[in-house]
Amino acid sequence: MAEIVLKVAKEKINAVENTEPDNFSLYVDGLEDLYLAKLKEAKISDVGASSVKTINHGLGYIPLCMVYKLVTGGIWTKLFGMPIDSSGCYFSINKQNIVISNTTGSPITFKYFIFYDNIHS
Amino acid sequence: MTTSTPKIAVAGLYRNVLTETDKNNLIFDSEDNTFKILIERNVTVILAASTNNQDFYFPHGLQFAPQVTAFAKETGKEQVFSPNSDDINLWGAKLGWTSTGVRFNSISSDSERVICNFNNTNGTTKTVDIKYYCFEAS
């Protein structure tokens, strides 16, 4: 039985012949699962000076997420775990919450993205 | 008579698309925004010798500050390293690792540019290839 194929190619890509998933916005070849990241929520949140904000995502598993910090001049900087850049801001994620920490002496605005994609199992 | 909202979904291998409720088992679900990569670009920078806090600017041409991420690779090294990380030399399980002296401090964006910041503690310049991604605004 033939595999079920569903491909949506980028501009100027021959969807019939091309087999590089990077060239497709949707690539289903019936052989391998290439999941698209599905956005659950994207929000802006303010965290006070020397404070921690806990945001419940309610998924029950550890999801893919990204967190950014607003600095002066409209610049958004990506956050990671404990920072080596001495920015004083970082985040962690578990099955229930994203926890954003602001160890600086000033309130800071953060933007976070939570996806449905389970990154732990 | 009841009506339902039309949707398009594509399930993973061996999953029943009609009954699947776990979004982790759906390759695509029209109920959810799929996160889109707007820009995917390769650039090369040369880090000045013995200089920390070096900014490199890359115009993105978008009309807003996109969410961004990147991966860097030193010329002559095998591995990539991400922002908030040192590049490292691996010395095996017993001896561990040492920094090459190149550190990818951060990646940022504003409404005009992607900004990558590096340290280089070496006494010579270092060439670093960067692949950065700009994502959609939300």
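Set side by side, the residues B:Gly96, B:Gly12, B:Gly61 differ, and just one is small (Gly, Ala, Ser) and at pLDDT below 90, which is B:Gly96.
The test for being closer than 18 Å to B:Thr121 by Cα and not hydrophobic (A, V, I, L, M, F, W, C) holds for B:Thr100.
Being within 13 Å of another protein chain (Cβ to nearest Cβ), without any contact (Cβ under 8 Å) to a residue 60 or more places away in the chain and closer than 19 Å to A:Pro63 by Cα is true for just one of A:Phe115, A:Phe91. Which residue is that? Break it down stepwise before answering.
Working: A:Phe115 fails: without any contact (Cβ under 8 Å) to a residue 60 or more places away in the chain.
Answer to the check: A:Phe91.
Applying the set (1) over 13 Å from B:Val10 (Cα atoms); (2) at pLDDT 90 or above; (3) not hydrophobic (A, V, I, L, M, F, W, C) to A:Lys38 leaves exactly one unmet item: (1). Looking at the stretch A:43-105, the strands (runs of 3 or more DSSP E) lying wholly inside it that each contain 2 or more residues that are under 20 Å from B:Phe104 (Cβ atoms) sit at A:63-71, A:75-78, A:89-93.
Note on the stretch B:18-49: residues that are closer than 13 Å to B:Ile8 by Cβ, of a type in the set (A, V, I, L, M) and crowded, with 17+ Cβ neighbours inside 10 Å amount to 2.
The strands (runs of 3 or more DSSP E) falling completely within the stretch B:25-74 that include 2 or more residues that are more than 12 Å from every other protein chain (Cβ to nearest Cβ) map to B:37-47, B:51-59, B:67-74. If we scan the stretch A:26-40, do we find a residue that is surrounded by 14 or more Cβ atoms within 10 Å (Cβ to Cβ), farther than 22 Å from B:Glu40 by Cα, of a type in the set (Ser, Thr, Tyr) and in contact with a strand residue (DSSP E or B) (Cβ under 6 Å, 6 or more places away or on another chain)? Scanning the stretch A:26-40, I find no residue that is surrounded by 14 or more Cβ atoms within 10 Å (Cβ to Cβ), farther than 22 Å from B:Glu40 by Cα, of a type in the set (Ser, Thr, Tyr) and in contact with a strand residue (DSSP E or B) (Cβ under 6 Å, 6 or more places away or on another chain), so the answer is no.
The values are calculated or read from the model by the stated rules, or taken from the named source; none is laboratory data. Keep in mind that this is a model prediction, so the values were computed, not measured. Note that each Cβ is placed from the backbone with ideal geometry, even for glycine, and that neighbours are counted across all protein chains shown.
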